[in-house]
1. Report ³J(HN,Hα) in whole Hz for each residue of segment 105-114, in order, from the Karplus equation J = 6.51 cos²θ - 1.76 cosθ + 1.60 where θ = phi - 60°; Gly and Pro get x.
2. Can you list the residues, at least 5 places off or on another chain, whose amide H is less than 5 Å from the amide H of residue 64, using H built in the peptide plane?
3. From the backbone phi of segment 136-142, what are the Karplus-calculated ³J(HN,Hα) couplings (6.51 cos²θ - 1.76 cosθ + 1.60, θ = phi - 60°) in whole Hz, Gly and Pro given as x?
4. With springs only between Cα atoms under 10 Å, which of 120, 171, 99 fluctuates most in a Gaussian network model of the chain?
5. Pairing the Cα long axis of helix 2-22 with the longest principal axis of the chain, what angle in degrees results, from 0 to 90 and rounded to the nearest 10?
6. What is the gain in length, in nm to one decimal, between residue 93 and residue 63 on full extension, counting 0.36 nm per residue of separation less the C-alpha to C-alpha distance?
7. What residues have an amide H closer than 5 Å to that of residue 166, excluding those fewer than 5 places away on the same chain, when H is modeled at 1.01 Å from N in the peptide plane?
8. Enumerate the amide H contacts of residue 82 below 5 Å, restricted to partners 5 or more residues apart or on another chain; note that Pro and chain-start residues carry no placed amide H.
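Laboratory data are not the source of any read-out in this text; all were calculated from the coordinates shown. Computed from a predicted structure; not experimentally measured. No Cβ is skipped: glycine too gets one built from the backbone with ideal geometry, and neighbour counts run over all protein chains shown.
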Amino acid sequence: MRASTYLLTTALLLPCTTALSQSLTTKGTRMVGFSAGSLFFQSKATTASVDVAFAPTAGLFFADNWAAGIALPLEYHAFRYKLQDQHNNELVAGLAPWLRFYIPSSSRHRVFAEAQVGALVNSYWGRQPVYDPTGTPHMDRFKGHDFGGFVSIGAGYSYFLTPNVAVESMLAYQQGALSPATMA
């Protein structure tokens, strides 16, 4: 009697599961995400450093299995040389639209391809030793900014825990550069 109950329950729920997993990447579905790229802190007797990188994202499925959105990559790097009053800080912010295609499937396991193009601004500041013509060092402040861009293409895997929550992993190739800002 128990086996027939399990079969009946499975037969009733299986169509619901298939419909549920197919609706995960349908037109009109919204996406919100967060990617933590780097979280690092180190303190030694003579140096200290901090690195933090993350990117909140948002997107919309404009057609079944096709999504477009935007990511806001943010990074902060700091380094301090404790024996002198020397420190370097860097803040990188960007805007990166992306396009994603999910390979059609009726499973909660989904494979996708993604392309992304982005613009970045890098601001840096700090104090560093500068030597005068006699070779005597003194600490001097510096600051500046650079602009740049990048292109990224990759493939990934999503596992949908619920219709609205997925865990993703992606492997991507990224190419880009920053160029010093010129002031007229």
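1. Residue by residue, segment 105-114 yields 6, 9, 9, 6, 8, 10, 9, 9, 10, 9 Hz.
2. Distant-sequence amide H within range of residue 64: 27.
3. Whole-Hz 3J(HN,Hα) from phi for segment 136-142: 7, x, 8, 7, 10, 7, 9.
4. 171
5. Approximately 50 degrees, to the nearest 10.
6. Values: separation 30, 0.36 × 30 = 10.80 nm, distance 2.97 nm.
Net length gain for the segment: 7.8 nm.
7. Residues meeting the amide H criterion: 161.
8. 47, 48
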